[in-house]
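Taken together, the values in this text are just the output of simple stated rules run on the coordinates, not laboratory data. Computed from a prediction, not measured in an experiment: that's the story for all the values here. As a convention, Cβ positions derive from the backbone with ideal geometry for all residues, glycine included, and neighbour counts pool all protein chains shown.
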Amino acid sequence: MISVIIPTFNEEENIAQCLVSLTHQTVPRTEYEVIVVDGGSKDETCGIAGKYADKVFIQTSKKVGGARNDGIMAAKGEIVATTDADCILPPNWIELIQKDFQDDRLVQLYGPVYPIEVGIGNKLSLLLANTFSRIGYYSQTFYYTLGCNTAFRKDAFIKAGLYRCIDAGDDLEIALRMKDQGKVGFDGRLKVGFSMRRYEQYGTLKSLYEWIYIVSHGGETQKYSYTQKKYK
């Protein structure tokens with residue numbers, strides 16, 4: 001059993017396409033569960049999610065990292081995977097995760113992203129991000145992991161101390177602790193569709209600057225409101 005965790009907040013316009021992509025996987029639906037953890041949406045997010053997900057509930061821990069933690073702790077699967085409500089998962093996403101975790105040494109797995117929205121700027125931005133991610137992995141110097149496309153062995157994740165409940169960088173920081181539990185792996189076939197809508201709205205350079213600033217200050221700040229969604 002693999003458990004897929006999706007944090008949400010006011011995602012009525014996007015959550016359906018994400019969940020539909022999870023219904024079109026190459027493995028039987030009985031081999032994975034879908035858990036949506038909501039941050040108190042004021043729209044129809046929870047109602048839409050309830051049509052597709054196995055569990056939908058309101059988070060009790062703070063911020064997006066806390067929402068993921070709540071979902072993982074409620075998961076039945078030995079393997080837990082996380083993504084975002086505005087992402088699109090490839091049909092073989094679950095299957096590839098299953099196969100990769102046949103390696104008993106593996107405790108965390110991640111992969112690249114591609115832009116859902118068209119535009120050369122979006123393609124170049126994520127090309128650079130994916131190149132950065134590959135360089136870090138293959139040089140074994142750092143792990144540029146993303147919460148929209150990562151999976152863990154649940155018991156190792158708990159031993160590592162779960163996600164930190166911070167404004168930004170929680171999905172990057174966790175790999176630093178997971179590597180002490182075992183092998184952190186990268187699979188270039190795990191290509192997830194990533195929405196660039198917020199980067200288009202606020203500007204890629206500004207968003208990256210604010211993200212770098214917050215991460216360099218321990219993941220929390222009062223100066224910027226980079227947080228992509230106002231999770232509890």
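General observations
- Local electrostatic count, TYR143, Cβ distance below 14 Å [Lys/Arg +1, Asp/Glu -1]: -1
- Simple spin-label estimate for ALA129 and PHE57 in nanometres, 7 Å along Cα-Cβ: 3.0 nm
- Among 39-50, 103-114, sorting by the average number of other beta carbon atoms lying within 10 angstrom of each residue, highest first, gives 103-114, 39-50.
- Projected label points at HIS24 and ASP104, each 7 Å from Cα along the beta carbon direction, are separated by 3.8 nanometres.
- Antiparallel DSSP beta bridges within the stretch 2-216, as percent of all bridges there, nearest 5: 25 percent
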